Amino acid sequence: MKSKKQNFAEQLRNRTLLFQQGSQLVLIRCLTIAANLGIADLVADEPRSVDDLSNSVGADPLTLYRMLRLLASYGYFAEDEEGRFGLTPTAEYLRSDQENSMRDYLQLIGARWFWDSLANLPHTIETGEPAFEQVYDIEFFKFLSEDPGAYDLFSSGISVFSDTVHRILAKSFDFGRYKRIVDIGGGQGAFLAAILSEYPAVRGVLLDNPSVVANQEYLQKMGVTDRCEAIGGDFSDAVPPGGDIYILKQVIHNWEDRAAIDLLARCREAMNDNGRVLTIEGVIRPGNSPDPNKNMDVTMMALTLGRERTEKEFQYLYEQAGLKITRIIPTTMPSTLSIIVGTSL
């Protein structure tokens, strides 16, 4: 459909918007570099000169200055009259010791393998294959399992909002009505611990790889180890039977439809009568409005064969697994997730 002819003001506004959005790539890259260099930590107590900073991080003074000047123009750091750079309220969240710091997240999206995958996104568009695999010749999650440093970076980067999101999710569904909750692929149990803390009569089962669940530090910190059984195993083979609720939080989006359907069916077969399967994922909104889940979907296709899904696509998965969706419960920001509740057909 041919668009209507735009007047000069509209042309200029739309062209300027494209220019501004395109320029964000440079800003984001500079933010990730500043996070990796730990600039915010270095200026936490007082502003410091570029010469001083360059000596501390091993950088060229002139190019470091030019990068910090750009960041200061967006409110990340501030340059004083003596040419020294200090913190701003926004830059506080680049500090490693700041509560709710965003440094780990920026270090994640600044990782070489992340940028290499996005740089090779045309390969994904052309072939449907993950760009990551084309660049590194290994499946993404296998890469993480074999590289402890990359795994730690990934885990810490994606968990920057976890505590807040877990509290929101725990309060968005009445878990207190159920006795035994099984969290499939729940990592070290942060979400399950949030549920058990909110509902003291509930007992939980945590299933993940043996090496992951061996670390029960989080469960101990939350004081719920007496009500939580941690099981090491492979949920692609079997899941613990006898649960009233089976939780799949951000697990399904890692997989293609067939593997997702098989896991949902495995949970349906294992759950008690009148049990529930809760898939907790982003649900892509219809229409042309912006949606962070659409951004995540493109990231997923660059890294993996997984995807974010629409409500209709989740309905298909559930029906093929012998389940029906009874409710989809959206949550509030900063969570972009919804709780998709399913029962047996």
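None of the figures in this text is laboratory data; all of them are computed from the coordinates on show. Note that the structure is a prediction, hence the values are computed from the model and not measured. Glycine gets a Cβ as well: all are built from the backbone with ideal geometry, and neighbour counts include every protein chain shown.
Quick notes on this structure:
- Where only DSSP H runs of four or more residues are counted, the chain gives -14000 deg cm²/dmol as its mean residue ellipticity at 222 nm, each run worth -39500 (n - 2.57).
- Per-q log10 I(q)/I(0), the range 165-243, q = 0.17, 0.22, 0.24 Å⁻¹ (Debye; single scatterer per alpha-carbon; no solvent): -0.59, -0.98, -1.14
- Averaging the Cα positions of each part gives two centres, and for the range 85-142 and the range 211-238 these lie 28 Å apart.
- Protection proxy ranking of 53-61, 16-24, by the mean of other Cβ atoms within 10 Å over each peptide's residues and highest first, is 53-61, 16-24.
- Its alpha carbons give the range 292-345 an Rg and a Dmax of 12.6, 35 Å.
- Under the Debye formula (equal points on every Cα, no solvent term), log10 I(q)/I(0) of the chain at q = 0.12, 0.13 Å⁻¹: -0.99, -1.11
- Look at Glu313, Glu281 and count the other Cβ atoms within 10 Å of each Cβ; fewest to most, that gives Glu313, Glu281.
- For q = 0.16, 0.18 Å⁻¹, Debye-computed log10 I/I(0) when each Cα of the range 257-334 counts as one equal scatterer: -0.67, -0.83
- Rounded D (µm²/s) - the range 8-97, Kirkwood Rh over Cα pairs, Stokes-Einstein at 10 °C, 1.306 mPa s: 114 µm²/s
- Beyond 32 Å in Cα-Cα separation lie the following of the pairs Lys171/Lys324; Lys221/Lys294; Lys142/Lys171; Lys171/Lys294; Lys221/Lys324: Lys221/Lys294; Lys142/Lys171; Lys221/Lys324.
- Pair-distance distribution of the range 111-158: all C-alpha pairs, bin width 5 Å, starting at 0; shares per bin in whole percent are 5, 22, 29, 24, 13, 6, 1.
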